[in-house]
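Remarks on the structure that follows.
The values are calculated or read from the model by the stated rules, or taken from the named source; none is laboratory data. Because the structure is predicted, anything quoted here is derived from the model rather than measured. Here the Cβ is made from the backbone with ideal geometry for all residues, glycine too, and neighbour counts use every protein chain on show.
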Amino acid sequence: MVIVMQDHANQEDIEEAIHQVKAMGYGVNLSQGDERTVIGILGDERALDWEHLELLPGVEHVVRILKPYKLASRESRPERTIVRIGSVAIGGNEIVIIAGPCAVESREQILETAKAVKKAGAHMLRGGAFKPRSSPYAFQGMAEEGLKLLAEAREATGLPVVTEVMAPDQLEMVIQYSDMLQIGARNMQNYPLLQAAGKSGHPVLLKRGNSATVEEWLMAAEYLLSNGNTRVVLCERGIRTFETATRNTTDINAIPVVKHLSHLPVLVDPSHSTGRDEYIESISRAAIAAGADGLIVEVHPHPEAALSDGPQSLTPDAFSEVVNQVRRIAAVIGRS
Ligand code: PEP
Ligand code: MN
């Protein structure tokens with residue numbers, strides 16, 4: 001971090017700024033030019049209260065050099081992280097496909113879907129038992145009963161399960177039945193949940209909030225990492241823009257951006273990012289071509305009867321075609 005003093009700052013202002021920095025336990029490196037004085041701060045700047053420094057007399061502005069997220073950044077870990085869930089490795093050469101219904105609705109529905117997505121080539125099963133719905137009157141999920149059915153579907157297919165947790169007091173139960181926690185878009189900045197999921201050490205799929213910047217998203221990941229959880233996977237699920245033709249707008253840019261800034265794997269959710277079954281195949285191809293490590297896709301045996309997110313749910317046949325398309329794109333970019 002560097003403090004740039006105003007051109008009319010006097011010696012007293014400079015000394016006060018140096019005094020304040022030293023009082024916070026940091027070293028300084030003073031550079032007095034003809035027109036400007038610049039104070040370099042020595043030490044890890046992330047814990048430093050830079051806004052306080054900007055208020056000091058004679059200070060023009062404070063320039064941050066390091067990213068505010070440390071553990072999530074490639075500055076701290078240049079090699080890529082691979083998150084292992086059983087025999088599935090997310091972030092390696094192989095594209096990972098997670099598929100399943102938006103919500104677990106019944107034993108028949110989840111077992112039929114799990115078997116179908118496995119047959120089509122999925123590596124993991126998704127399905128919500130706790131559903132964050134925009135309306136309090138909409139189907140809220142089957143809670144523990146749904147978790148038990150997910151565990152049964154895993155037993156039947158061997159597919160590891162990812163499912164959403166919405167509150168810290170649900171964590172223990174959700175961990176008991178799942179292989180990976182999903183922290184949804186609406187909870188990306190639920191700090192008590194991030195802290196508790198971080199401490200749990202259970203793998204986490206962290207969705208991007210629908211109006212979160214990449215930096216806010218990586219800061220949310222930093223909460224998980226700084227609480228001791230290294231098994232974090234990011235998921236771009238579309239952001240809210242002025243466009244209303246689709247449910248959200250898939251931020252394809254975010255894929256190379258996050259891969260540049262962070263060592264964490266990145267998945268794309270084309271279901272929530274488009275909101276319509278007919279757009280999922282093209283956005284899946286685009287996501288893999290742009291460098292995503294995999295996809296999480298909603299699949300329902302009877303989308304027209306789904307209790308949530310029917311319009312964006314693929315039939316097992318349509319999903320199978322998406323997997324075929326992804327296979328072809330993966331080959332073009334040297335992945336499997
Ligand atoms: C979901 O995966 O069904 C879901 C609610 O996702 P998001 O948090 O991305 O809206
Ligand atoms: Mn959904």
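Enumerate the strands (runs of 3 or more DSSP E) found wholly within region 99-185, keeping only those where 2 or more residues are of a type outside the set (A, V, I, L, M).
Fully inside region 99-185 and qualifying: 161-164.
So which residues in region 275-289 are crowded, with 23+ Cβ neighbours inside 10 Å and polar (S, T, N, Q), if there are any at all?
Ser284
Can we say Asp309 is away from ligand 2 (no atom under 15 Å from the Cβ), among the acidic types (Asp, Glu) and at pLDDT 95 or above?
It is false that Asp309 is away from ligand 2 (no atom under 15 Å from the Cβ), among the acidic types (Asp, Glu) and at pLDDT 95 or above.
Scan region 23-45 for residues that are surrounded by fewer than 16 Cβ atoms within 10 Å (Cβ to Cβ) and under 13 Å from Leu56 (Cβ atoms) and jot them down.
Correct list: Ala23, Met24.
Which of the residues spanning region 229-254 are more than 16 Å from ligand 2 (Cβ to nearest atom) and either at pLDDT below 95 or more than 14 Å from Lys207 (Cβ to Cβ) (or both)?
Across region 229-254, the qualifying residues are Asn229, Thr230, Arg231, Thr241, Phe242, Glu243, Thr244, Ala245, Thr249, Ile252, Asn253.
Give Phe130, Phe139 a once-over and let me know the one that is touching a residue at least 40 places away in the same chain (Cβ under 8 Å) and either among the acidic types (Asp, Glu) or more than 22 Å from Leu234 (Cα to Cα) (or both).
Phe139
Using the structure shown, decide if Ile296 is modelled with pLDDT of 95 or more, within 16 Å of Ile255 (Cβ to Cβ) and away from ligand 1 (no atom under 14 Å from the Cβ).
Working: modelled with pLDDT of 95 or more: yes; within 16 Å of Ile255 (Cβ to Cβ): yes; away from ligand 1 (no atom under 14 Å from the Cβ): no.
So Ile296 fails the test.
Which pairs have Cβ atoms under 9 Å, sit 6 or more apart or on different chains, and link a residue in region 300-312 that is under 13 Å from Ile110 (Cβ atoms) and in a loop (DSSP other than H, G, I, E, B) to one that is among the acidic types (Asp, Glu) and within 12 Å of ligand 1 (Cβ to nearest atom)?
Sorted first by the residue in region 300-312, then by its partner, the pairs are His300/Asp309; Ala306/Glu298.
Can you tell me which residue within region 70-112, out of those that are within 16 Å of ligand 2 (Cβ to nearest atom) and of a type outside the set (A, V, I, L, M, F, W, C), is surrounded by the most Cβ atoms within 10 Å (Cβ to Cβ)?
Of everything passing the filter in region 70-112, Gly100 is surrounded by the most Cβ atoms within 10 Å (Cβ to Cβ).
Taking into account only those residues within region 63-98 that are out of contact with any His (no Cβ under 6 Å at 6 or more places or on another chain) and not in a loop (DSSP other than H, G, I, E, B), which is farthest from His302 (Cα to Cα)?
Filtering first and then ranking leaves Val63.
For region 194-284, which helices (runs of 4 or more DSSP H) that fit wholly inside it have 1 or more residues that are within 20 Å of Gly91 (Cβ to Cβ) and in contact with a strand residue (DSSP E or B) (Cβ under 6 Å, 6 or more places away or on another chain)?
Correct list: 214-226, 254-261.
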